[in-house]
1. Check Arg12, Arg7 and return the single one that is exposed (fewer than 12 other Cβ atoms within 10 Å of the Cβ), free of Cβ contacts under 8 Å to residues at least 24 places away in the same chain, in contact with a helix residue (DSSP H, G or I) (Cβ under 7 Å, 6 or more places away or on another chain) and not aliphatic (A, V, I, L, M).
2. Go through the stretch 82-93 and report how many residues are open to solvent by less than 100 Å² (accessible area, probe 1.4 Å) and either farther than 14 Å from Thr46 by Cβ or over 14 Å from the mean Cα position of the chain (by Cα) (or both).
3. With surrounded by 12 or more Cβ atoms within 10 Å (Cβ to Cβ), among the polar types (S, T, N, Q) and under 26 Å from Gly20 (Cβ atoms) as the only criterion, which of Thr71, Thr96 stands out?
4. Considering only the stretch 32-77, state which residues are of a type in the set (A, V, I, L, M, F, W, C), over 14 Å from Gly90 (Cβ atoms) and either out of contact with any Leu (no Cβ under 7 Å at 6 or more places or on another chain) or touching a residue at least 24 places away in the same chain (Cβ under 8 Å) (or both).
Amino acid sequence: ISIERLRGLAARRLCLTHFGAFEDVDTHLERLDQNLREFLDMGEHTRREGAEQAALADRLHTRMAKDLDGTPAMLDALEAATPSYMAAMGLMRWATKRAGG
């Protein structure tokens, strides 16, 4: 996992393209790992139930909104940087390939 490689670097700061610098590297990577696993699970679940990619995009958008605690401007910025529909495309592709399809 790439997150493990990042942890192995023992960095003191992460400078993310869209969201600035993070000084608390361990906390940021732990949260990233948890969110990634949750999103992968959402992709697998959506594929297994036979739902469309648009349904997963809606679920991702709702999940991101929950994390941002009702801040529409931040959600708009997040959607601009990482659109839910694009994340859903990647997650559905990953889940389908993982299932052997």
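1. On the way: Arg7 fails: exposed (fewer than 12 other Cβ atoms within 10 Å of the Cβ).
Unique residue meeting the criteria: Arg12.
2. 2
3. On the way: Thr96 fails: under 26 Å from Gly20 (Cβ atoms).
Checking each option against the conditions leaves just Thr71.
4. Step one: of the stretch 32-77, the residues of a type in the set (A, V, I, L, M, F, W, C) are 32, 36, 39-40, 42, 51, 54-57, 60, 64-65, 68, 73-75, 77.
Okay, now just the ones that are also over 14 Å from Gly90 (Cβ atoms), so 32, 51, 54-55, 64-65, 68, 73-75, 77.
Leu32, Ala51, Ala54, Ala55, Ala73, Ala77, listed by residue number.
Yes/no matrix, rows are residues, columns are (1) of a type in the set (A, V, I, L, M, F, W, C); (2) in a helix (DSSP H, G or I):
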| residue | (1), (2) |
| --- | --- |
| Ala11 | yes, no |
| His18 | no, no |
| Leu40 | yes, yes |
| Thr46 | no, yes |
| Ala88 | yes, yes |
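The values are calculated or read from the model by the stated rules, or taken from the named source; none is laboratory data. As the structure is a computational prediction, the values presented were derived from the model and not from experiment. A quick note on method: Cβ atoms are made from the backbone with ideal geometry, for glycine too, and the neighbour counts reach across all protein chains shown. Accessible surface is based on the protein model in full, side chains and every heavy atom, while ligands, DNA and RNA are left aside. Shrake-Rupley method; radii C 1.70, N 1.55, O 1.52, S 1.80 Å.
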